[in-house]
1. Determine the per residue accessible area of the stretch C:68-301 with all protein chains present and a 1.4 angstrom probe, expressed in square angstrom.
2. Do any of B:LYS114/B:LYS182; A:LYS162/B:LYS140; B:LYS212/B:LYS272; A:LYS266/B:LYS154; A:LYS97/A:LYS126; B:LYS212/C:LYS2 go past 30 Å between their Cα atoms, and which?
3. Quick one: 3J(HN,Hα) in Hz for the stretch A:77-90, Karplus 6.51/-1.76/1.60 with θ = phi - 60°, rounded, Gly and Pro as x.
4. I need the chymotrypsin sites (Phe, Trp or Tyr not before Pro) found in the stretch C:1-87, filtered to DSSP loop residues with at most 13 other beta carbons within 10 Å of theirs.
5. Test of understanding: in a Gaussian network model of chain B with alpha carbons linked when under 10 Å, which of B:VAL93, B:VAL332, B:VAL103 would top the mean-square fluctuation ranking?
6. Cut-off under 15 Å on the C-alpha distance; same-chain residues fewer than 8 positions from B:LYS108 excluded. Which aspartates and glutamates are left, in chain and number order?
7. Calculate, for the stretch A:22-277, the solvent-accessible area per residue in square angstrom, rolling a 1.4 angstrom probe over the heavy atoms of the protein chains.
8. Checking the cross-link filter: which aspartates and glutamates have an alpha carbon closer than 14 Å to that of B:LYS220, excluding same-chain neighbours under 8 positions apart?
Amino acid sequence: MRKPTFTKTLSNGFLGLCIAYMVLPLIIMGGAGFNDSRFPSVYPWHGFTARWFVDLWNDQPMLDAGINTFFLALVVVAISVPTGTAAALLLNSWQSKARPVLFGILIAPILTPGVVVGISTLLFWKEFNISAGLHLSALGQVSYIATYVMLLVLARLQSFDKGLEEAALDLGASHGQVMRRIVLPHLYPAIVLGAVLAFFQSVENYNITLFTRGSAQTLTVYIGSMVRTGFTPEINALGLLFILITVAGVIYVELRRRRHERRELKLEALAAIEEDKDLQGIAA
Amino acid sequence: MSEGVELSDVSVNFGSFRAVNNVSVSIKSGEFFSFLGPSGCGKTTILRTVSGFIAPSAGVVSIGGQDMAGIGPNRRPTALIFQNLALFPLMSVWENIAFGLEVRGAPKAARRAKAEELLRLVDLPGAADKAIAQLSGGQKQRVAIARALAVEPKVMLLDEPLSALDLKLRQHMRTELRAIQKRTNITFIYITHDQGEALAMSDRIGVMSQGKLQQVDTPKNIYENPANGFVASFVGENNVFKGKLEDVQAGVGTFLAYGGEVLRARVGPGVKAYSEAKLYVRPERVTLSPLGATPRRGANSAAVKITSVAFEGNFISVNASDNRGRRYTVQVPNDASVWVPPLDAEARLEFDPDKATVLQDELAVRDSEQGENTRGRQSFALEFAQ
Amino acid sequence: MKEVVRRYGLGATVLMVTLTAFWVLALIVLPYLFLVDASFRPFLPADQVGGPNDHYTLQNYLTLLNPNATKDFLFLSIPIHLYVFFQTVALSCLVTMITLALGYPLAYILAKVVNRRSVATLFLILLIPLWISELLRSFAWYIILAYQGPLNALLGLFGAGPIRWISGYNGVIIGLVYTYFLFMLFPVYGSLSTLDTNQIEAAEDMGARWWQIHRRVIIPHAKPGIASGCVMVFMMCAGALFVPKLLASPSSRWFTEVIMQWFFEGLDWNTGSAYAFVLLLVCTIFVSLVIRIFKVNLADIAR
């Protein structure tokens, strides 16, 4: 407890700088979307305009790329969530010496540069005369996004009491019913989080998509290609939309979390009251 | 409605470890049967074998005369109450209770009605729509019982379900469990390491140690006539003498303790004359009287000095030692007519031969006996190594 | 596998095994094997593939050492691709160290100094950049670092600059640090938050100085998180594609850009594969070094 105020000030200062460091660039990027300048910039300020948002809306290639991105992300979610969940359940219940090996293989994709994943996907499917395109992008993305889902589900399984499965079986449930009524409901939060994460990871993905897309466009690839052709503040307008969606999502999650926390606290308090009543009941 | 359970030569191996060793027992329909033993003695394994989560490595489990081999836990007429209760946290109270009916495809109205009925049976009316998290420990217990009863099991299996409750509530729930069992007349198989629970609730008790069934009998017989040293020292407290049994006449033997005392006591089953054995006598079977009083005829007796006197409520716990250094524990009833020796007093310690038992010195059970010493029991048989 | 069937039934087990097997074989193991295979085969016109000239060779890897195109570095003349490769690895290490130097104190402050309630809010703010595309995050720095951009304008107020930020690898380092900083922060925070504060107080109580406490108590506890952060940041830096494309001067290339060049300009997928495999190898070596040095296991790193 030496010099608490000095330490506190120092760490608060550092904390403030870090937050500013993380957030300011995003504000600048979003702000540039309103600057009436032909190049993305905030300085010098040429005046306020909304025309980049209008341009963005009328940019047909961008819109097409956006639609591609959206459907690609849906497909990736649809494959990676069941795959990651299945692998997590398998890893969690399989008792074998090969288990660590399987685990090692399944986490390898998140420790591999996207470029390598993209190229190997392309080479493998070429062998079956399947040429590049968004279908390959989907497979390439699934290979590492499923790992994220798997890790989330595995973490959730840590808090799962195997006794619940046995209790359900003992009460006469079939294996399918145990899965539907007991296991999946418990995993639900991790699966939803996994699905959202998978969607955003797919939307953001650049490296794998670049190598596997063939001639199809996605948002990130389209933006990436502007390094050569030149950027317009349309990108900033798009970036701002992404930021707003994220902020809205984050706020929604936080509100839900608080509500959940309040509910838990309330139930806990009610349980404590019942506990007291029980003891009094015996004494009486 | 209710069925008996028969275990014939059941063994369960986990790799090279034999958790259950050749257990045979016949549990009658409608009986409250307890398996009592220290942790790791195999009692939980037996329960899981009966419920179908574990297949026996050898032997036959049959329920109502039907061999259960190959029948999964979800198709056996048993309901298990787990040690941690395993209530489904994401379902409400009534959904928990009705789960067994739901998976059998019963319509919702019938499920709800059955749940309400069972909640009344376990004395928890009006809790149907509550969340599991808002129940007290005792209420959760009742919900778990109701959930198990909902599937109308022929046999109810209980795995130390009261161990999470605090003392007062646990004692209360004992009576209640017993009452529910009487009312429903379902066979109860109860697992516990708490001798008090087993003695208070059971029709019969099977005492287990190291995977083997040591004795199956009524609570009274388990306590009064233990079959061997393990049972004697696991159930209740004892003063123990190591020594050798000399000759035996009409069931009463002469016992030569290694301290040099010559004592007389009943001879338990399987103890051969002129073999090593132990003599057990319960603290409440030992009496103390002033040195000057007349000795009782035929009683074993020793002159002792009182080393501690502790008031325990319903009795007074007295420690004493004789001039050889052997220590005794004596429970003196809290009764004005009985003499309570003061500290440091000289006294005569006596116990009648028919209150003491010579039992086999079971080396095989010694390890677990010592391991359990500190668990769940306030004090334990005193071992006198000379 | 019997225990899985017992637990989930035959149907679910078959489904789980099928999905996992598809993932392992078709999406991970076999593609990697094909990559390795292609990297050892010569680049041939389509009609000669499978023909007599299609035999295993080291040629693709030797291209990395091609002495015809060199770059002078200090007094050495180094093959250009090798030079780019070492630049990439060295700068990735540098970026990893910078993010650790920034991330560790911040993670410590969040885990142990700031009160619990504000941490939740702070995390929400920090989470926002994480959900926004890497591309857009680095694009922000493209604007900030522009020669006539806000940073130079700010420096101008103090009479400094302007500095040509986007030249050489300066911009890349700045951009990579920003883009991957959170991948260091979160794992380190994760391991620090499990440290019992009593341990720090006990050490303080015994008279340890703050740096001794960090060295002997806190850092050893944070090791899995630090290892995880280092691996992720290094891997992402070495494999970065867009940041160097956007924020480096055209002459300062990243190894991934060379790979891309083989693929899309040279159309030589074999040499590209060889280079990609070298990149994978470097990442694997980095992971095993970290595991060795920090004495952690793979499960600690994947979180």
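1. Accessible area per residue: 43 Å².
2. A:LYS266/B:LYS154; A:LYS97/A:LYS126
3. 4, 5, 8, 6, 5, x, 5, x, 5, 4, 5, 5, 4, 5
4. Taking the stretch C:1-87 and a limit of 13 other Cβ atoms within 10 Å, the loop chymotrypsin sites (Phe, Trp or Tyr not before Pro) found are C:TYR56, C:PHE75.
5. Evaluated over chain B, the most mobile residue of the options is B:VAL103.
6. Cα-Cα hits under 15 Å: B:GLU95, B:GLU116, B:GLU117, B:ASP129.
7. 44
8. B:GLU197, B:ASP203
The values are calculated or read from the model by the stated rules, or taken from the named source; none is laboratory data. Treat the numbers as computed from the prediction; the structure is a model and nothing was measured. Please note: Cβ atoms are built from the backbone with ideal geometry, for glycine as well, and neighbour counts cover all protein chains shown. With ligands, DNA and RNA removed, areas are computed over all heavy atoms of the protein, side chains included. Shrake-Rupley method; radii C 1.70, N 1.55, O 1.52, S 1.80 Å.
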